[in-house]
Amino acid sequence: MFWRARTTSGRAICLSDRFPVIKVEEVMRGRVTFAGLPPVELGADVDWTANPLGNRSWALNLHTLRWLGGLVAAYERTGESAYLDRARALAEHWIRENPRGGHGISPWAWAEHAVALRAPVLVCLSEHLRTGVLWDSLAEHGEILADPALYRAGHNHGLDQDIGLLVVGCRLGRARWRDLAVRRMTASAELAIDAQGVLHEQAPRYGLYVHRRLGIALRAIRESGAEPPERLVARRTALEAYIAHATQPDGRLVPIGDSPADARADGFPHDGPVVRVFDGGYVFGRTAWDDPRSAYYSIRFGPGRRLHGHEDHLGVTYSARGRRILVEAGFHSYERTGFVEWTRSPEAHNVPVVTGTFRPGTATRLTGSTIGPSRQAFELADEAYGARRTRHVLVNHGPDLMAVRDTVRRGTLRSLWHFDPALEVVSRGDGAVVLGDGDRRVTLLQLPGDGQAVRPGLVCTGYLHTAQAVTVLSPEAAGVLTVIVPGEAKLSASGNVVTVHTPDGPVQLPYSQST
């Protein structure tokens, strides 16, 4: 069926240094560790249908064979033939036991992302091993990767499909596959990344992933003997501004969408303003670059939820004096559980929830902004619950605070506030909640204050990790003012002005009882 694949060959572009780091001797003994989960004993005769931890990411990792690629990399480093022999045995066993369309095989065996990530492993193996079985499998992977019906344009999976197709095409001497891969990844990058660098998958962590994978793609194109298209290079470069602004002062990405709270993105260039509005749906602001004590905030708006996004529009996060204050439930895993579904809902974010029926996928508009050196203000609006809801966000630096005014044109709302897990309730009363962590204090102030609720909640601190945290639910009203202050604070109202008395001095805010 794939006779031509056995009779032609080209350069093996091996990306083995990009495979995950493995404990070589453990893998040789049949033990594997994937996705930060506990080790699993596969044994000598692998059961490819197994998923002993019941985890989707584990099952995917098993069938990508990238852990097997680590054995090839170890052979290349050391010359130890046992590593190559084991890699060959595992690969040929996988090929025999997982015929495409075969009865009883794992659904992950030929999942499009597994195919894309497995293809470069087989190419690396083919640099040291030439058999009909391996060449036929490479050709089958190439046919699948080239199939337009299976291609995920504008998606990180599509990028991995293009990388796989490129290296398989080069190995089998099929220039048309290589050229198709380069054309597709260029068009896909322009679909996925806008001119400002925002990735439409709606999670900064995926911006980081795509940036890294585009780096591998550019390297593979060059190793194939071609020059990367300037348009492709430009979109990768544009991503860097988005990632830099989405990186908090502690070096971790702000956990928006499917972005784990512990994901780091150090080292990206960040010349330019400390506050930036990205038309794709983000405001990121800070008081200074390269200062771990900088204040930092994010605000979400833009197109409706897609791909790795959450229903987080109008949501904010906030840090001050080098410590996180407002967080969101964040990313837990790709498992299909009620909790994971909840983490994507509005209630898992710092948003105003209107009484009524929520309309998933509703876009939010940034209707106004004023950006100054010590104070920034933004207005956002949408109809996610049928009636217009509006959020005004004001961030003040020196004294530090975030003030948020939520209103709804018809009906009532309650605004939700999720605090960093390190903070515990110290005192509450009269619309004020004081939280603390050791000597540190944070105050939430609300008008109106009657009917405010404080309850325990969960936020995600990393993949499959959660921690208890305090959630404050505002009183139900047509309009609510919430002020977050690092330190103990109180407020007083006179006419249409509210004065917030902070540890660093008073701050006056416009306020009206009417909506």
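The values are calculated or read from the model by the stated rules, or taken from the named source; none is laboratory data. For clarity, every value in this text was computed on a predicted model and none was experimentally measured. Ideal geometry is used to build each Cβ from the backbone, glycine not excepted, and the neighbour counts take in all protein chains shown. Only protein heavy atoms, including side chains, enter the accessible area calculation; ligands, DNA and RNA are left aside. Shrake-Rupley method; radii C 1.70, N 1.55, O 1.52, S 1.80 Å.
In whole percent, how big is the carbon plus sulfur part of the accessible area of segment 1-133, probe 1.4 Å, protein atoms only?
The value for segment 1-133 is 50 percent carbon and sulfur by accessible area.
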Legend entry - Amide hydrogen neighbours beyond the local backbone of residue 42, cut-off 5 Å, H modeled: 31, 32
Legend entry - Cα-Cα P(r), segment 1-150, percent of pairs per 5 Å interval: 2, 9, 20, 23, 22, 14, 7, 2, 0
Inset, instruction - For segment 450-515, count the residues as N, evaluate 2.2 N^0.38 Å, and divide the Cα radius of gyration by that value, please. - result: 1.46
Inset, instruction - Would you mind working out the accessible area per residue for segment 364-414, using a 1.4 Å probe, and quoting it in Å²? - result: 38
Inset, instruction - Please report, in whole Å, how far the alpha carbons of segment 18-97 spread along each principal axis, starting with the longest. - result: 36, 27, 20
Inset, instruction - Run a plain Debye calculation on segment 325-478 (Cα atoms as equal point scatterers, no solvent) and give log10 I(q)/I(0) at q = 0.08, 0.20 Å⁻¹, rounded to two decimals, same order as the q list. - result: -0.25, -1.42
Inset, instruction - Quick one: grab the alpha carbon gyration tensor of segment 89-152, order the square roots of its eigenvalues as a ≥ b ≥ c, and give me rounded if a/c is under 1.5, else prolate or oblate depending on whether a/b is larger than b/c. - result: oblate
Inset, instruction - Could you size up the charge dipole of the chain around its Cα centre, putting +1 on the beta carbon of Lys and Arg and -1 on that of Asp and Glu, and report it in debye to the nearest 20? - result: 800
Inset, instruction - Would you mind telling me the share, in percent, of accessible area of segment 323-482 contributed by carbon and sulfur at probe 1.4 angstrom? - result: 50
Legend entry - segment 165-258 - percent of accessible surface contributed by carbon and sulfur, probe 1.4 Å: 51
Legend entry - Distance cut-off 21 Å, percentage of C-alpha pairs in segment 246-381 lying past it: 42
Legend entry - Whether segment 339-422 is rounded, prolate or oblate, judged on the alpha carbon gyration tensor where a/c under 1.5 counts as rounded: oblate
Inset, instruction - Could you go through segment 89-100 in sequence order and give the Karplus-derived ³J(HN,Hα) for each residue, using 6.51 cos²θ - 1.76 cosθ + 1.60 with θ = phi - 60°, rounded to whole Hz, and x for Gly and Pro? - result: 4, 5, 5, 5, 5, 4, 4, 5, 7, 10, x, 4
Legend entry - Tilt relative to the chain, helix 66-78 - C-alpha long axis, 0 to 90 degrees, to 10: 60
Inset, instruction - Check the cysteines of the chain one by one and keep only those with no other cysteine Cβ under 4.7 Å from their own. - result: 170, 460
Legend entry - Cα gyration tensor shape of segment 240-291, rounded if a/c is under 1.5, else prolate or oblate by comparing a/b with b/c: oblate
Legend entry - For segment 198-296, the fraction of alpha-carbon pairs in successive 5 Å shells from zero, as %: 2, 13, 23, 23, 17, 10, 7, 4, 1, 0
Inset, instruction - Starting from the eigenvalues of the Cα gyration tensor, five times each then square-rooted, give me the equivalent ellipsoid semi-axes of segment 121-237, largest first, whole Å. - result: 26, 14, 12
Legend entry - Average accessible surface area per residue within segment 175-268, 1.4 Å rolling probe, Å²: 36
Inset, instruction - Lys and Arg at +1, Asp and Glu at -1: add these up for the other residues within a Cβ distance under 12 Å of residue 376 and post the number. - result: +2
Legend entry - Sequence-distant residues sharing a close amide H with residue 172 (under 5 Å, placed H): 10
Inset, instruction - Give me the accessible area per residue for segment 448-490, probe 1.4 Å, as a whole number in Å². - result: 40
Inset, instruction - Between residue 77 and residue 50, take the C-beta separation as r, use R0 = 22 Å, and let me know the FRET efficiency to the nearest 0.05. - result: 0.15
